[in-house]
Each structure stands twice: as structure tokens, then as C-alpha cells.
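Nothing in this text is a laboratory measurement; each read-out follows from the coordinates by a stated rule. Remember, it's a predicted structure, so these values are computed and weren't measured experimentally. Using ideal geometry, Cβ is built from the backbone for each residue, glycine included, and neighbour counts are taken over all protein chains shown.
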Amino acid sequence: MELHWLGILGLALGLAMDALAVSIAAGLAVEAVTPRHVFRVAFHFGLFQFMMPVVGWLVGESLARQVGGYSEWLAFALLSFVGGKMLWEARAGGSRQTNRDPTRGLTLVTLSLATSLDALAVGFSMALLGVAVWIPSVVIGIVTAALSAVGITFGGRIGPRWEHWAEAIGGLVLIVIGLRVLLAHLAG
């Protein structure tokens, strides 16, 4: 079974929406978005969105039954943790220069993982349906990288106008995304 290009593109856009929203939040939290910030976010989010369907496909049906029901809870926990941390730091006050850069280190890896867990489930599904994973994964990674670059740039442009609120808004966005993932899982 093969996916058509329109289906692959639609899948890629759907999977990239969380990364886009988190990228905007990251742009809000950074004092001044530089090309280095844009590259790090686009590269990591795109790489994780590329890798997770491949990992899901390789692991296949046996692990899908064990992990599948918990991926939404894990995404909720990771996004809520990072979002809560951003809210706490915003509440503590101070300038944006002293706040942690969400485009570096463990925070970036955590955000990359949290926004790509749904792609893991897509990889599981592809394995169960016998769909080849490489072309869809490459498209998913490229679309996610491009939208993440746009998102952090947009967040960076509007961030200075909201100086004191930027990190709190970013934290709330992450928590809302986590809740949306969890509620979609519980409802369906």
C-alpha cells in the first residue's frame, strides 16, 4: 500500500502543527531570535518528526500495543512540565535575557520529543498497514522544519512587544497543546 502525495502532505502538515505552535512559543521566550535559534529549532523539530515515524515503523506492531495507549499521556506530561517551568520562570520575573533559552539543551530535546510522539504512532500505523515509511518521513521532517523556522521567527517578531508576558504565554501554549493531545486521546 502506498500513500499519495496529497495524503503525505496532509499528514505532514497535521503532524507539524504542534511543532509550529511550540516554535512560536519558543520565539516568544527568546530575547532576540537569531539565525542560530531558527536553525536549532527547525533542525531538531524536523529531525525528530522524521525519525519518529521510522522508529515507530521499525518497532512495529508488538510494541505499539504496549506503548500506544501511553504516548498521549507522555506528550501531555512533557509539554506540561516545560510549559509549567516557563510559567514559573515568568512569575519569578526578571528580564528575558536571564531566562533559559528553550532552543538549547535538554529543553529543546524535550520539546522535540513531545511534539513528535504523534509521529511515532503514525509510524506504528504505517507498519500495521504495510506502508513504506521513508518518503512520508522525509516529507514530514522537511515540512516540520520549514514550519518551525517560520514559527520561531514569527514568535521572535511579536515577542519584544510583549516583553513581560512572552514567557508566560509560551508556557500556557505548551500546556494547552498538551491538554489538547490528552483530551483528543480520551475523547476518541
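Over all directions, how big on average is the projection of the convex hull of the alpha-carbon atoms in region 1-51, in square nanometres?
Result: 4.2 nm².
Which peptide among 11-23, 175-187 comes first, and what is the full order, when sorted by highest mean count of other Cβ atoms within 10 Å?
Top to bottom by mean Cβ count within 10 Å: 11-23, 175-187.
Going highest first, how would you order 27-39, 141-153 by mean Cβ packing within 10 Å?
Taking the mean over residues of other Cβ atoms within 10 Å, the ranking is 141-153, 27-39.
Which of the peptides 42-54, 111-123 is most tightly packed, and how do the rest follow, going by the mean number of other Cβ atoms within 10 Å of each residue?
So the peptides 42-54, 111-123, ranked by packing, come out 111-123, 42-54.
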